[in-house]
Amino acid sequence: MRFNAALFRHAEALLSELLRSPYPADQVVTHYFRQHRELGHADRGFVAEAVFAVLRRKRSLSARCAGEVTSRRLLLAALACLQGMNRRELECVLSESEGKWLAQAKAVKMADLSPAVRLDLPDWLYAEFSAQFAAEELAQLAAGLNQPAPLDLRVNSLKASRQGVLARLLADGLAAEPCTYSPLGIRLAGKPALSKHPLFIDGSIEVQDEGSQLLGFLLQPKRGEMVADFCAGAGGKTLLLGALMRSQGRVYAFDVAERRLARLKPRLARSGLSNVHPVRIESERDIRIRRLAGKLDRVLVDAPCSGLGTLRRNPDLKWRQTPASVAELCARQASILAAAASLVKPGGRLVYATCSLLEAENEVVVQGFLAQHPAFSSCSAQEILARLEIAIDIGERLRLFPHRHGTDAFYAAVMERK
């Protein structure tokens, strides 16, 4: 891929669309590339990374724009200050006046900016994080969240072994290594196209962040059990649960969105699993939920949340979420957790998880639940994983962070019914 004016125009047009669109960034990017199929894989990679760099660092880049915050200036600042492109490389798109401004933009000292601007966080989120993390760790966390996420795969243990998949990927010229924590995880270098790879087509691999994989191991489903993935979405964790059960027993994939469950169907077909049952429900109070009350061995609640732990992949979320939207989510999370708990039979296990960093969505929800449901008691996430020979220093609750663990930020609490 060679940088040129046409490529810059695509990036500028896409960024302008992203900044005014009410839709999630990944959807906007996918739609744009479908409209511009003339862009090759390398060109799409450049454009996507350029616009996502702006979304990640929008506050500090805006501070470099000398009061004229436009898509064009944000993009030029990102290419020059973040991606290191020099004046000569950018001359095909730079005017003389822009060249003078860009020199001034590059001279801006980050140390002169306020901490929230320097860390590229909205003020309210900086305040929330400052209450939870010391200044040094907050800087490390923000830096981790502002890095692009690696591409993680999960090996489908019904069809392949991690060792076998690694050997095949390496033979095909892909740089791959085992994930640090997940026994089924593989991390790839770069962002190779996998949709036409034989291992993807035959269901031997799925794309899934390593942190997300650990949630399935915390639930620890056994063969022949009745299990529910209460907020299944597109089913990444559902498929892992089914594979851990060796396709024996029953896994209910509950979700309120038909569109999300529809994305599970082709993945389920590739997986070879026969024990997964997708079920669209109207709400957590659906009659189909009540009919299963007290009958399930294990229930995973990956609750709808702010998604602020996934900013490496979804940097637009930090500019979309607000204290009001988070408060609404917390009330919903408490209701969903209580409904999911009604499914668990005595001796059964309940796992509550989010991909949020906010205590209000995590510990506060769990502590409120435990106070109102004395039949449930907390279990040590670290001890459960240690018994599975997964060595990770986390303590009672699973708390994963990009700067500590190289994963998306996840929280999980494990509870068992007496």
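State to the nearest 20 debye the size of the charge dipole of the range 305-418 about its Cα centre, where the only charges are +1 on K and R beta carbons and -1 on D and E beta carbons.
Dipole of the range 305-418, to the nearest 20 debye: 220 debye.
Could you give the size of the charge dipole of the chain about its Cα centre, using +1 on the Cβ of each K and R and -1 on the Cβ of each D and E, expressed in debye and rounded to the nearest 20?
1080 debye
Which distance in nm do the two modelled labels at Glu68 and Gln367 give, with both placed 7 Å along the Cα-to-Cβ direction?
5.1 nm
Which residues in the range 246-268 have a backbone N closer than 17 Å to a point placed 7 Å from the Cα of Val279 along the Cα-to-Cβ line?
249-258, 261-262, by backbone N distance to the label point.
Which of the peptides 300-308, 365-373 is most tightly packed, and how do the rest follow, judged by the mean count of other Cβ atoms within 10 Å per residue?
By packing density, highest mean first, the sequence is 300-308, 365-373.
Want the number for Glu49 to Glu389: 0.36 nm per residue separation, take away the alpha-carbon distance, what's left?
Using 0.36 nm per residue and subtracting the Cα-Cα distance, I get 118.7 nm.
So if each residue of separation counts as 0.36 nm, and I subtract the Cα-Cα distance between Arg320 and Glu416, what length gain in nm does that give?
Going from the current span to full extension adds 31.0 nm.
Determine, from the Cβ-Cβ distance of Ser247 and Asp286 and an R0 of 35 Å, the FRET efficiency 1/(1 + (r/R0)^6), rounded to the nearest 0.05.
0.85
What is the Cα coordinate range of the range 14-92 on the first, second and third principal axes, sorted by size from largest, in whole angstrom?
Principal-axis extents of the range 14-92 (Cα, largest first): 34, 30, 17 Å.
Based on the alpha-carbon gyration tensor of the range 314-413, what equivalent-ellipsoid semi-axes (square roots of 5 times the eigenvalues) come out, in whole Å, largest first?
So the three semi-axes of the range 314-413 are 23, 21, 10 Å.
Give a residue-ordered list of calculated ³J(HN,Hα) values for the range 124-132 (Karplus: 6.51 cos²θ - 1.76 cosθ + 1.60, θ = phi - 60°; whole Hz; x for Gly, Pro).
5, 6, 4, 5, 4, 5, 5, 6, 9
Rounded to a whole number of µm²/s, how large is the Stokes-Einstein D of the chain at 37 °C and 0.692 mPa s, given Rh as the Kirkwood radius over C-alpha pairs?
Approximately 143 µm²/s, per Stokes-Einstein.
Return the FRET efficiency for the residue pair Lys196, His31: r is the Cβ-Cβ distance, R0 is 22 Å, and the value is rounded to the nearest 0.05.
0.55
So how strong a dipole does the range 172-261 carry about its Cα centre when Lys and Arg Cβ are +1 and Asp and Glu Cβ are -1, to the nearest 20 debye?
160 debye
Tell me, what is the 1.4 Å probe accessible area of His41, in Å² to the nearest 10?
Probe radius 1.4 Å; accessible area of His41 about 100 Å².
Give the average over all directions of the projected area of the C-alpha convex hull of the range 295-348, one decimal, in nm².
4.4 nm²
Using r as the Cβ-Cβ distance of Arg87 and Lys345, and R0 as 51 Å, what FRET efficiency do you calculate, to the nearest 0.05?
0.15
Cα-Cα pairs above 18 Å in the range 175-298: how many percent?
55 percent
The values are calculated or read from the model by the stated rules, or taken from the named source; none is laboratory data. Everything numeric here is computed off the predicted structure, so don't read it as measured data. Cβ atoms come from the backbone with ideal geometry, glycine included; neighbour counts cover every protein chain shown. Each accessible area value is taken on the protein alone, full model and side chains, heavy atoms only, with ligands, DNA and RNA left out. Shrake-Rupley method; radii C 1.70, N 1.55, O 1.52, S 1.80 Å.
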